[in-house]
Amino acid sequence: MKYEPHTLWTEQCEAALGIHERYGIEKALGYLIGEKLIDFVRESESDPLFKDQLPLFLQEVKRIFKQNKLRAYLDAVENTGAEGHVLSPEDLEFMREAGAFLEDPVRAAQDVLIVEQLKELLA
């Protein structure tokens, strides 16, 4: 089942609020920005429906999180995707060394570029 972009990002923002309450701001930022927003930006590059909704998603992210928290997260993020905010850096490295993740250097480079783009968009 494919979600409409508006439904998708609004549900993700609601989930981030719950994560913030239960696990703290770092986990919420990792989930919403390091995973969901990066995926949304990637999708917006090829889907006009996502592209149209991206400014509204960004506006909601800025409403949920204070500017200094967004900046601190974006300046320090090292790992993106679900594993980037679920696993500790040590556990992530262990899993990588064990071959649990397929390494995709192109996608990793794209994520770096998207994070840089988000620094501007969320400023």
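Quick one: among LEU102, LEU37, LEU70, which has the greatest mean-square fluctuation in a GNM of the chain with alpha-carbon springs under 10 angstrom?
Highest fluctuation of the listed residues: LEU102.
If I compute solvent accessible area with a 1.4 Å probe over the protein chains, what percent of it on the chain is carbon and sulfur?
Accessible surface attributable to carbon and sulfur in the chain totals 54 percent.
Within the chain, what is the number of lysine pairs with alpha carbons under 22 Å apart, leaving out pairs fewer than eight places apart on the same chain?
Final tally of qualifying lysine pairs is 17.
Counting each DSSP H run of 4 or more residues in the chain as -39500 (n - 2.57), what helix-only mean residue ellipticity at 222 nm follows after dividing by all residues, to the nearest 500 deg cm²/dmol?
Computed ellipticity for the chain at 222 nm equals -22500 deg cm²/dmol.
Using a 10 angstrom cutoff on alpha carbons, build the Gaussian network for the chain and name the most mobile of GLY99, GLY34, GLY18.
Its mean-square fluctuation being the largest, the pick is GLY99.
Using Rg/Rh (Cα atoms, Kirkwood Rh) as the read-out, say which of (1) 0.96; (2) 1.63; (3) 1.00 was calculated from these coordinates.
(1)
Give the accessible surface of the chain per residue, rounded to a whole number of Å², with probe radius 1.4 Å and ligands, DNA and RNA excluded.
63
For the chain, with a Gaussian network of springs between Cα atoms less than 10 Å apart, report the residue from ALA28, ALA98, ALA15 with the top mean-square fluctuation.
It is ALA98.
Taking amide hydrogens as modeled 1.01 Å from N in the peptide plane, which residues meet the under 5 Å criterion relative to GLY81, leaving out close sequence neighbours?
Amide H neighbours of GLY81, under 5 Å, 5+ apart: GLU35.
The values are calculated or read from the model by the stated rules, or taken from the named source; none is laboratory data. All of these numbers come straight from a predicted model, not from anything done at the bench. The accessibility values were calculated without ligands, DNA or RNA, using every heavy atom of the protein model including side chains. Shrake-Rupley method; radii C 1.70, N 1.55, O 1.52, S 1.80 Å.
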